[in-house]
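> Got a structure for you, questions after.
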Amino acid sequence: MTPWSQWVTDQCARIAGAGQWRRPRDLDAAGPTGSLADDRAERPVVSFASNDYLGLTQHPAVVAAAHAALDRWGAGSGAARLIVGSRPVHTQLETELAAWKGSERALLFPTGFAANLGVLSTLATPGVRVCSDELNHASIIDGCRLGRGDVRVYRHRDVSAVDELLQGTERSVVVTDTVFSMDGDVAPVDDLLDVCARHHALLVLDEAHAVLGPTVDVAHGADVLRVGTLSKTLGSLGGFVTGSSPFIEFLVNRARPFIFTTAPTPADTAAALAALRVLRSTEGDALCATLRRHVDRIAPGHPSPIIPLVLGDERRALAASAALLERGLLVPAIRPPTVAPGTSRLRIALSAAHTDHQVALLAEALQETVGQAA
Ligand SMILES: Cc1ncc(COP(=O)(O)O)c(C=O)c1O
């Protein structure tokens, strides 16, 4: 038998041989502008790759709230929520997340990834037909695997395929990103609500990237759970789900990624609470308007801050990313296995923290390096 260390070394060589080797690069930055450590040296860059869509990681009220929570409760929460890890700030954030989403209740998880695992491993269980969009996020795919329901993957955004899959089912779940993380396009949420209501299916919506929409009709009447993250628009770390009381109570008592893990840190939680308050204020409206303007500058009318520039060939995407980096613009190339072969792309992520000048530089650089706007 090959020893483990040899097996792992061989696997690494295979990944590298396929040109898919990846490693973290440190970006010394507070906001989009910073210094990137790569093979050659430190280089100043403007990043177009983060999920800090409104720039709230740097907002003074958000940072101050984290400081205050550290001073009041210390660095860690020390236990799971159901033991002694729950602080008033967790409950306060859950109350305000529920109000924001127009739901009865909310429940925090350590990350958005864990929120999807928690919801799906608890509800998409054996005997349940689970319909999942083919471009759903990895955390949804893994949640479906953990749940061990009867998972059917449907063609991207295909509501009639969902309708067919739901025919004659007893208990069923439909799960989708509302903004798809590699394509930046949006799910047909209204149609999915209708089809789920008709078949009495539970609709699970992952709104991790839904800063500019789509909106969800909370008065629709279908059973809906809305998963979100504190780690993107809300500038902190953590995840959550909102829904009606019985669903949330059930998750509190059955969702293993909630029960058997330490409560989110008070500082992360307080930061997210402060960020949520900014988001729901007129300042939040202004930040969203700025983000909308930046998106329209690069891809008029595009529904989200994630703009893919599909170039096809892996080498073309890598070359385009390298050419932009030479100009100090950090736009990652996304390649298989993250996306399907032949659809390698630049993935541009915009933020309200970018200046108009930075976005103009990006638009110009895209024209000159890949010869097209997004
Ligand atoms: C669609 C989607 N869902 C869930 C997650 C996980 O969120 P978190 O980073 O909070 O774990 C991500 C993060 O990349 C995502 O893109």
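What follows draws every value from the coordinates through simple rules; no lab data is involved. What you see is a predicted model; the values in this text were computed from it and never measured. Quick reminder, even Gly has a Cβ in these numbers, built from the backbone with ideal geometry, and neighbours come from all protein chains shown.
> With only alpha-carbon atoms counted, please give the Rg and Dmax of segment 100-166, in Å.
Over segment 100-166's Cα set, Rg and Dmax evaluate to 12.9, 35 Å.
> In which sequence would 100, 73, 4, 21 go, from the one with the fewest C-beta neighbours within 10 Å to the one with the most?
Values: 100 15, 73 18, 4 8, 21 11.
Going from sparsest to densest Cβ surroundings: 4, 21, 100, 73.
> Another one. For every helix of n ≥ 4 consecutive DSSP H residues, a contribution of -39,500 (n - 2.57) applies; sum these over the chain, divide by its total residues, and give [θ] at 222 nm rounded to the nearest 500 deg cm²/dmol. Please report the intermediate quantities before stating the final value.
On the way: 13 runs with 156 residues, N = 374.
The per-residue figure over the chain is -13000 deg cm²/dmol.
> How big is the antiparallel share of DSSP beta bridges in segment 59-279, given as a percent to the nearest 5?
On the way: 11 of 30 bridges.
Expressed as a percentage, antiparallel bridges in segment 59-279 total about 35.
> Here's a follow-up. Would you mind calculating the relative contact order of the chain from Cα pairs under 8 angstrom and at least 6 residues apart, reporting the percent as a whole number? Spell out each step's value before the answer.
On the way: 747 pairs, mean separation 82.4, N = 374.
This gives 22 percent for the chain.
> Run through every distinct alpha carbon pair of the chain and return the Kirkwood hydrodynamic radius in angstroms, one decimal place.
Numbers: mean 1/r = 0.0457 Å⁻¹.
Value: 21.9 Å, from the Cα pair sum.
> Can you tell me how much longer the chain between residue 4 and residue 167 gets when fully stretched, taken as 0.36 nm per residue apart minus their C-alpha distance, in nm with one decimal? All intermediate terms of the calculation are to be shown ahead of the outcome.
On the way: separation 163, 0.36 × 163 = 58.68 nm, distance 4.71 nm.
Roughly 54.0 nm would be gained on extension.
> Continuing with the same structure: Stokes-Einstein at 25 °C, 0.890 mPa s, Kirkwood radius from Cα pairs: D for segment 59-279 in µm² s⁻¹?
Numbers: Rh = 17.4 Å.
The estimated diffusion coefficient comes to 141 µm²/s.
> Also, I was wondering about something else. Suppose the chain between residue 326 and residue 254 were pulled fully straight at 0.36 nm per residue; how much longer would it get relative to their current alpha carbon spacing?
Details: separation 72, 0.36 × 72 = 25.92 nm, distance 5.05 nm.
In short, 20.9 nm is gained.
> May I pose another question? Can you give the charge dipole size of segment 59-279 about its Cα centre, rounded to the nearest 20 debye, using +1 on the beta carbon of Lys and Arg and -1 on the beta carbon of Asp and Glu? Present the calculation step by step, with values, prior to reporting the outcome.
Working: 18 positive and 24 negative charges, 170 e Å.
Once rounded to the nearest 20, the dipole reads 820 debye.
> Here's something else I'd like to know. Helix check for the chain. Which DSSP H runs span at least 24 Å along their own axis by Cα, with a mean Kyte-Doolittle hydropathy no less than 1.0? List each step's numbers first, then the result.
On the way: long enough: 282-298 (25 Å, -0.39).
Helices passing the filter in the chain: none found.
> Treating the beta-carbon of each Lys and Arg as +1 and of each Asp and Glu as -1, no other charges, what is the dipole magnitude of the chain about its Cα centre, to the nearest 20 debye?
Numbers: 34 positive and 40 negative charges, 146 e Å.
Roughly 700 debye, rounded to the nearest 20.
> For segment 287-374, build the convex hull from the C-alpha positions and give me its volume per residue in Å³. Before the final figure, lay out each step's value.
Working: hull volume 7.6 nm³, N = 88.
Normalising the Cα hull of segment 287-374 by residue number yields 86 Å³.
> What's the center-to-center distance, using Cα atoms, between segment 173-196 and segment 1-66 in Å?
Spelled out, the Cα-based centre of one part sits 29 Å from the other.
> Given the Cα-Cα distance of residue 281 and residue 80 and 0.36 nm per residue of separation, how much length would full extension add, in nm?
Details: separation 201, 0.36 × 201 = 72.36 nm, distance 3.18 nm.
Full extension of this stretch gives 69.2 nm more.
> Out of 106, 37, 68, any idea which swings most in a Gaussian network model of the chain, alpha carbons joined below 10 Å?
37
> Further question: Per 10 Å bin, what is the whole-percent P(r) computed from every C-alpha pair distance within segment 104-226?
14, 50, 34, 2
> GNM, the chain, Cα, under 10 Å: largest mean-square fluctuation among 223, 150, 38?
38
> Something else about it: If you take the beta carbon distance between residue 244 and residue 145 as r and set R0 to 30 Å, what does 1/(1 + (r/R0)^6) give as a FRET efficiency, to the nearest 0.05? Could the numbers behind the result be given before it?
Numbers: r = 26 Å, r/R0 = 0.87.
After rounding, the FRET efficiency stands at 0.70.
> Which one, 201, 153, 74, is farthest towards the positive end of the dipole of segment 59-279 when Lys and Arg carry +1 and Asp and Glu -1 on their Cβ?
Going by the Cα projections, it comes out as 74.
> Taking only Cα atoms and a 10 Å spring cutoff, compute GNM fluctuations for the chain and point out the largest among 346, 97, 311.
In the Gaussian network model the winner is 311.
> Compute the label zone of residue 200 within segment 137-178: residues whose backbone N is under 12 Å from the point 7 Å along Cα-to-Cβ.
Under cut-off, by backbone N: 168-172.
> Quick check on the exposure proxy: order 298, 140, 15 from fewest to most C-beta atoms within 10 angstrom. Could you put the intermediate results ahead of the total?
Values: 298 20, 140 25, 15 12.
If I rank by nearby Cβ atoms, fewest first, I get 15, 298, 140.
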